[in-house]
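First comes the structure, then the notes that go with it.
The values are calculated or read from the model by the stated rules, or taken from the named source; none is laboratory data. This is a predicted model, so every value here is computed, not measured. Positions of Cβ are backbone-derived with ideal geometry, glycine not excepted, and every protein chain shown enters the neighbour counts. The protein model used for the area step is the full one, side chains on, heavy atoms only, and it has no ligands, DNA or RNA in it. Shrake-Rupley method; radii C 1.70, N 1.55, O 1.52, S 1.80 Å.
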Amino acid sequence: MVNHQILQTAFAESCRSYWTTRDRQSITGRGEGLAAAVRAGRHFGSLQALVESVFIDCGYGERNFLRNRSATVPGYYRVTKNWDLIVYQDETLIAALELKSLGAKSAANNFNNRTEEAIGNATDLRLTHALTGMYGDLGPWAGFMFLIEESVETIYPVGGLPSKWPVDEDFLNSSYLKRGEILSWRMLQQGLYDAVCFVTSSQNPAQPPCEPIEELSWLNFVEAILARVREVQAHLSPPGPSTPYGSGRALF
């Protein structure tokens, strides 16, 4: 049984410590359970471990996870795409998950890149399945987590390039935090992703992370994962030993 209170506490701790973890490039000390997950790895290591823990509580294990460079799926507009985490069973893609951050100092240069990556990744995944049916009757499931640093550079309104046509009013006088919120909400509403978590946090360890929209909260993200697991397990036998991802079939 997933303990939401423990997961929420661990999530908040991971978000608060993310920026210092990133700057240090390493974390020392490995314990047991969720506390170890918060301390383990680099960059998104602790948050990814928390996501994995939800699947582990549902009976999945190492045999069902592909990470980083191994977490590769075929594409239509490109040969392959590496996600941060793939969860699979036999030929079923249970979940493809991407975890992205945006630091305050790089927000001006990287926000549009993060936006284009997020939209493109989900579009390519779904189109590949629509054309090939390679993920089976259930189709692919995609999750996206977006963590933005809360700082002077991201909380105040920023401008944009002028356009001959009127810009969406929601974006007028918006900050990078607000733009990230709008992006995350719309990707969920339009079905690009089946679950989206949007959170902001500062480098001040005393300041808790902020989850401005309940539907984009960490616990809603967890609930969406659990719903996907129930859907998969209603069609498949419980997780067991499985073959490596990919059958070698022709795609197009």
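If you take the square roots of the eigenvalues of the alpha-carbon gyration tensor of segment 162-225 and sort them as a ≥ b ≥ c, do you get rounded (a/c under 1.5), prolate (a/b over b/c) or oblate?
Details: a/c = 3.55, a/b = 1.31, b/c = 2.71.
Here segment 162-225 falls in the oblate category.
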When you count, for each residue, the other Cβ atoms within 10 Å and take the mean per peptide, how do 135-142, 8-15, 158-165, 108-115 rank with the highest first?
8-15, 135-142, 108-115, 158-165
Check the straight Cα-Cα distances from LYS81 and name the lysines below 22 Å, setting aside those fewer than 8 residues away within the same chain.
LYS100
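On average, how much accessible surface per residue is there in segment 50-133, in Å², for a 1.4 Å probe, leaving out ligands, DNA and RNA? Walk me through the numbers before you get to the answer.
On the way: 3560 Å² over 84 residues.
The answer is 42 Å² per residue.
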Under 13 Å from the Cα of LYS105 - aspartates and glutamates, other chains or at least 8 residues apart
ASP23, GLU149, GLU150, GLU153
Between ILE56 and GLN5, what FRET efficiency comes out of the Förster formula 1/(1 + (r/R0)^6) with R0 = 22 Å and r the beta carbon distance, rounded to 0.05?
0.80
Max mean-square fluctuation residue, GNM over the chain, Cα-Cα springs under 10 Å, options PHE221, PHE55, PHE171
PHE171
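Classify segment 43-114 as rounded, prolate or oblate, taking a ≥ b ≥ c as the square roots of the eigenvalues of its Cα gyration tensor: rounded when a/c is under 1.5, otherwise prolate if a/b is larger than b/c and oblate if not.
oblate
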Calculated [θ] (222 nm, deg cm²/dmol) that DSSP helices of n ≥ 4 give over the chain, each run adding -39,500 (n - 2.57)
-13500 deg cm²/dmol
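Restricting to Cα pairs below 8 Å that are 6+ residues apart, what does the relative contact order work out to for the chain? Please round to a whole percent. Spell out each step's value before the answer.
Details: 380 pairs, mean separation 48.8, N = 252.
Across the chain, relative contact order equals 19 percent.
Carbon and sulfur: what percent of segment 66-120's accessible surface (1.4 Å probe)?
Values: 1100 of 2550 Å².
Result for segment 66-120: 43 percent of the exposed heavy-atom area is carbon or sulfur.
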Across all directions of projection, what mean area in square nanometres is found for the Cα convex hull of the chain?
14.7 nm²
Ignoring ligands and nucleic acids, LEU236 exposes an accessible area, probe 1.4 Å, in Å² to the nearest 10, of 50 Å²
Mind checking the full-extension length gain between ARG78 and GLU117? Use 0.36 nm per residue of separation minus the Cα-Cα distance, one decimal, nm.
12.8 nm
